[in-house]
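S.K.: What follows is a structure written as structure tokens; I'll ask about it next.
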Amino acid sequence: MTHIVNPALDDYLLSHCSPAADDVLRDLAAETQRTQPGTTMQISQDEGAFLGMLVGLTDARLVVEVGTFTGYSALCMARALPADGRLIACDVSEEWTGIARRYWERAGVADRIDLRIAPAADTLRALPAEENVDFAFIDADKTGYPVYYEELVTRLRPGGLIALDNTLQGGRVVDPAENGDSVVAIRAVNDTITADQRVESVLLPVRDGVTLVRKR
């Protein structure tokens, strides 16, 4: 993965996030690393804080997450929801989300999270067609991004946000020699979003690239 920010700044950056990671988040990150050493599938502390802030800024009541893994991002977003808020978490792994469930319970947010184990495209297509999603986070198989984006943007309320992770693919999106399935899919969804008149967007150099999409 290309380092957009000088790695030497990481500790400084993480020490200046608000809120700071607490014992629940630190323990979850540590268990994830023990279970799958070297994983890059879990978001960083600063990105978790960023997602929580976006949920709060949008005054979200309904959040949809595509790709839950061990539950770090869902925990950050669920904490930012009001007591009557709901987060629909889409994943296919009982094993990884089993870890997530334990930490959601420990953090006291399990009652806000509706985990659905099934292919995400099927879960999204089964959601009501109304524009009632306030915020969505996509961080799953990259080849599925074009489908996930389209299913979510049609259900997003005006003024609602979608955040898509890993939209720079370690810098490979600008390398013409890179034509792997994931890179091709991310290029496609990046181009689709830029041309989509239903939304306005910005691709931010946060970690591996985070695209924010706001419905007009």
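S.K.: Looking at the stretch 13-40, I want the residues that are open to solvent by 50 Å² or more (accessible area, probe 1.4 Å) and have a partner that is modelled with pLDDT under 75 with Cβ atoms under 8 Å, at least 6 apart or on another chain. Which pairs are those?
M.R.: 13/5; 33/39; 40/1
S.K.: Within the stretch 135-148, is even one residue touching a helix residue (DSSP H, G or I) at 6+ places or on another chain (Cβ under 8 Å), of a type in the set (A, V, I, L, M) and without any contact (Cβ under 8 Å) to a residue 60 or more places away in the chain?
M.R.: There is at least one residue in the stretch 135-148 that is touching a helix residue (DSSP H, G or I) at 6+ places or on another chain (Cβ under 8 Å), of a type in the set (A, V, I, L, M) and without any contact (Cβ under 8 Å) to a residue 60 or more places away in the chain.
S.K.: State whether the residues of the stretch 116-123 include one that is in contact with a Pro (Cβ under 6 Å, 6 or more places away or on another chain) and within 18 Å of residue 67 (Cβ to Cβ).
M.R.: Checked the stretch 116-123: no residue is in contact with a Pro (Cβ under 6 Å, 6 or more places away or on another chain) and within 18 Å of residue 67 (Cβ to Cβ).
S.K.: Taking the stretch 196-216, which residues are acidic (Asp, Glu) and either within 10 Å of residue 167 (Cβ to Cβ) or part of a loop (DSSP other than H, G, I, E, B) (or both)?
M.R.: Keep residues of the stretch 196-216 that are acidic (Asp, Glu), which gives 196, 200, 208.
Selection gives 196, 208.
S.K.: Right, another one. Checking residue 55 against (1) among the hydrophobic types (A, V, I, L, M, F, W, C); (2) touching a Phe, Trp or Tyr at 6+ places or on another chain (Cβ under 9 Å); (3) farther than 18 Å from residue 152 by Cα, which single condition isn't satisfied?
M.R.: All conditions are met except number (3).
S.K.: Out of all the residues in the stretch 156-171, which are buried (at least 20 other Cβ atoms within 10 Å of the Cβ) and not in a strand (DSSP E or B)?
M.R.: If the condition is that a residue be buried (at least 20 other Cβ atoms within 10 Å of the Cβ) and not in a strand (DSSP E or B), then 166, 167, 168, 169 are the ones that fit.
S.K.: Could we say that residue 107 is under 22 Å from residue 52 (Cα atoms) and either open to solvent by 10 Å² or more (accessible area, probe 1.4 Å) or touching a residue at least 60 places away in the same chain (Cβ under 8 Å) (or both) here?
M.R.: In short, yes.
S.K.: Another question, if that's okay. Quick one: how many residues across the stretch 26-78 are β-branched (Val, Ile, Thr) and part of a helix (DSSP H, G or I)?
M.R.: Within the stretch 26-78, residues that are β-branched (Val, Ile, Thr) and part of a helix (DSSP H, G or I) number 3.
S.K.: If we keep just the residues of the stretch 184-201 that are aliphatic (A, V, I, L, M) and within 18 Å of the chain's Cα centre (by Cα), which is surrounded by the fewest Cβ atoms within 10 Å (Cβ to Cβ)?
M.R.: If we take residues in the stretch 184-201 being aliphatic (A, V, I, L, M) and within 18 Å of the chain's Cα centre (by Cα), then 185 is surrounded by the fewest Cβ atoms within 10 Å (Cβ to Cβ).
S.K.: Can you report the number of residues in the stretch 175-201 which are over 14 Å from residue 139 (Cβ atoms) and touching a helix residue (DSSP H, G or I) at 6+ places or on another chain (Cβ under 9 Å)?
M.R.: Result for the stretch 175-201: 15.
S.K.: How about the stretch 79-115: which of its residues are of a type in the set (Gly, Ala, Ser), farther than 15 Å from residue 31 by Cβ and in a helix (DSSP H, G or I)?
M.R.: The answer is 80, 110.
S.K.: Condition first: among the acidic types (Asp, Glu) and either part of a helix (DSSP H, G or I) or open to solvent by less than 70 Å² (accessible area, probe 1.4 Å) (or both). Now tell me which residues in the stretch 116-134 satisfy that.
M.R.: 122, 134 - these are the residues of the stretch 116-134 that are among the acidic types (Asp, Glu) and either part of a helix (DSSP H, G or I) or open to solvent by less than 70 Å² (accessible area, probe 1.4 Å) (or both).
S.K.: For the stretch 82-106, give me the residue count where each residue is of a type in the set (A, V, I, L, M, F, W, C) and more than 15 Å from the chain's Cα centre (by Cα).
M.R.: The qualifying residues number 5.
The values are calculated or read from the model by the stated rules, or taken from the named source; none is laboratory data. The structure presented is a predicted model; accordingly, all values stated were derived computationally and were not measured. In this analysis, Cβ positions are derived from the backbone assuming ideal geometry, glycine residues included, and neighbour counts consider all displayed protein chains. Note: accessible area is taken over every heavy atom of the protein model, side chains too, but ligands, DNA and RNA are not part of it. Shrake-Rupley method; radii C 1.70, N 1.55, O 1.52, S 1.80 Å.
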